[in-house]
Amino acid sequence: MSQPKGYVDPKYLHIIGNQLNHIKQRSYALMQIQLDHKVLDLGCGPGTDTIPLARLVGVNGQVIGADYDEAMIAEAKQRAEQAGVNTWVKHKCVDAVSLPFETDYFDSCRSERLFQHLFNPAQVLSEMTRVTKPGGWVVVVDTDWGSLSTDSDETDIERRLARFLAESSLHNGYSGRKLYRLFKQQNLADISFEVFPVATPNYALARQGTQSERIEQEALKAAVLTSEELHRWQTGLEQADSEGIYFGCVNVMMLVGRKN
Ligand SMILES: C[S@@+](CC[C@H](N)C(=O)[O-])C[C@H]1O[C@@H](n2cnc3c(N)ncnc32)[C@H](O)[C@@H]1O
C-alpha cells in the first residue's frame, strides 16, 4: 500500500505514545469501562491502546481495534498474541468511513489521532456514534497542529512551517479545534472537552514528534521557504538546543459525548 499523507510507522507511535500516556489513560477513564464491556479503538495503529483496554474489559469483554493499514493490523495482532489477550482482542482492517459493525454494538468507542488524517471526519464520527449503544460514551482525541509553537527569533519561518504542517502535510491538521463542533453537530449529549498541552525542552524528541525532517523537505519543495531560510532555522534551533534553551509545544484536545 502506498503511504498516505502524514503516514507514521509503529516505532514513531511507540515513542510518541509514551509521551502521551497520561492522555491515553484519561481517555480510557472517560469511556467509563466496566468488566465485560465491548469497546472499539478506531484508528488503532499497532495496538498501542487495545492491549491496555483488554485488561479493563477483562477476558469476558471484547476489544476491537480497527485500522485501514494492513501492516499496523498485522503488528497489532502479533502484539495481542504476545500479550496473551488475543482471545478477546481482535484487530480488523477497516476504513473508518464505513464500519462493519452492528448499530448499538459497543459500550464505548475511542479514537486517538485518527481524525487529523481524515477527509470526512463528520462521517467517521457519525459511524462511531452509530455503533455505540445509547448511553455509551464516544471519546475522540486529536492534535490541533495549528497550535504548534516553537521558541525562535525566526517567528516568520516558524509560523510558515507550522502552517504548512497543519494545512499541507495532513488532510485535517486543525482537527483538534474542530472536534467540539463535530460533537455538537452529531447531537451527542453531555459533551465535555479537555485540552492537554504537550510541551518539551527535548529538541530531538520534538523533531521526531513533528516529523520535522519530512515536513521541512516538503516545505522546501513547495517553496514555503528557501534553503537559506531553512538553514537559518535549523542552525538557530541547534544553537538553542546546545544552550539547553529549546522549547516547543502543541495542544491535544479530548472530546467526550454520550449517545442519546
Ligand atoms: C497517528 S496514528 C494513531 C494510532 C493510534 N491511535 C495511537 O494512538 O497510537 C493514526 C492511525 O490512523 C490510521 N488511519 C488513518 N486513516 C484511516 C482511515 N480512514 N480508516 C482507518 N484507519 C485510518 C492510520 O493507519 C494510523 O494507524
Could you tell me which of the residues Leu182, Leu161, Leu148 is closer than 18 Å to Met253 by Cα and part of a helix (DSSP H, G or I)? Leu182
What residue, among those in segment 158-207 that are out of contact with any strand residue (DSSP E or B) (no Cβ under 6 Å at 6 or more places or on another chain) and of a type in the set (Gly, Ala, Ser), is surrounded by the most Cβ atoms within 10 Å (Cβ to Cβ)? Ser169
The lone condition Asp9 fails out of (1) more than 10 Å from the ligand (Cβ to nearest atom); (2) over 24 Å from Glu102 (Cα atoms) is (1)
Condition first: surrounded by fewer than 14 Cβ atoms within 10 Å (Cβ to Cβ) and either under 16 Å from the mean Cα position of the chain (by Cα) or aliphatic (A, V, I, L, M) (or both). Now tell me which residues in segment 47-70 satisfy that. Val59
For His22, work out the one condition from (1) touching a residue at least 12 places away in the same chain (Cβ under 8 Å); (2) more than 12 Å from the ligand (Cβ to nearest atom); (3) over 27 Å from Thr210 (Cβ atoms) it doesn't fulfil. (3)
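Just to check your reading of the model, which residue among Thr235, Thr210, Thr226 is of a type in the set (Ser, Thr, Tyr) and in contact with a strand residue (DSSP E or B) (Cβ under 8 Å, 6 or more places away or on another chain)?
Going through Thr235, Thr210, Thr226 in turn, just one is of a type in the set (Ser, Thr, Tyr) and in contact with a strand residue (DSSP E or B) (Cβ under 8 Å, 6 or more places away or on another chain): Thr210.
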All but one of (1) buried (at least 18 other Cβ atoms within 10 Å of the Cβ); (2) assigned to a loop (DSSP other than H, G, I, E, B) hold for Asp104, so report the exception by its number. (1)
Within segment 116-140, which residues are within 9 Å of the ligand (Cβ to nearest atom) and touching a Leu at 6+ places or on another chain (Cβ under 8 Å)? Gln116, His117, Val124
Which pairs turn up if I take residues in segment 63-81 that are free of Cβ contacts under 8 Å to residues at least 12 places away in the same chain and over 12 Å from Gly45 (Cβ atoms) and look for partners that are of a type in the set (S, T, N, Q) and assigned to a helix (DSSP H, G or I) with beta carbon separation below 9 Å, at least 6 apart in sequence or on another chain? none
Within segment 25-45, residues among the β-branched types (Val, Ile, Thr) and away from the ligand (no atom under 16 Å from the Cβ) come out as Ile33
Taking the condition within 10 Å of the ligand (Cβ to nearest atom), part of a loop (DSSP other than H, G, I, E, B), β-branched (Val, Ile, Thr) and at pLDDT 95 or above, does Thr48 pass? yes
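Rundown of residues vs (1) within 15 Å of the chain's Cα centre (by Cα); (2) within 23 Å of Lys38 (Cβ to Cβ); (3) of a type in the set (Val, Ile, Thr), yes/no style:
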residue: Ser126; (1), (2), (3): no, yes, no
residue: Gly135; (1), (2), (3): no, yes, no
residue: Val141; (1), (2), (3): yes, yes, yes
residue: Ser149; (1), (2), (3): no, no, no
residue: Ala162; (1), (2), (3): no, no, no
residue: Ser168; (1), (2), (3): no, no, no
residue: Ser175; (1), (2), (3): yes, no, no
residue: Tyr180; (1), (2), (3): no, no, no
So, in segment 214-240, of the ones that are surrounded by 11 or more Cβ atoms within 10 Å (Cβ to Cβ), without any contact (Cβ under 8 Å) to a residue 60 or more places away in the chain and assigned to a loop (DSSP other than H, G, I, E, B), which residue ends up farthest from the chain's Cα centre (by Cα)? Thr226
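The values are calculated or read from the model by the stated rules, or taken from the named source; none is laboratory data. Worth saying up front: this structure is predicted, and the values here are computed from it rather than measured. Glycine gets a Cβ as well: all are built from the backbone with ideal geometry, and neighbour counts include every protein chain shown.
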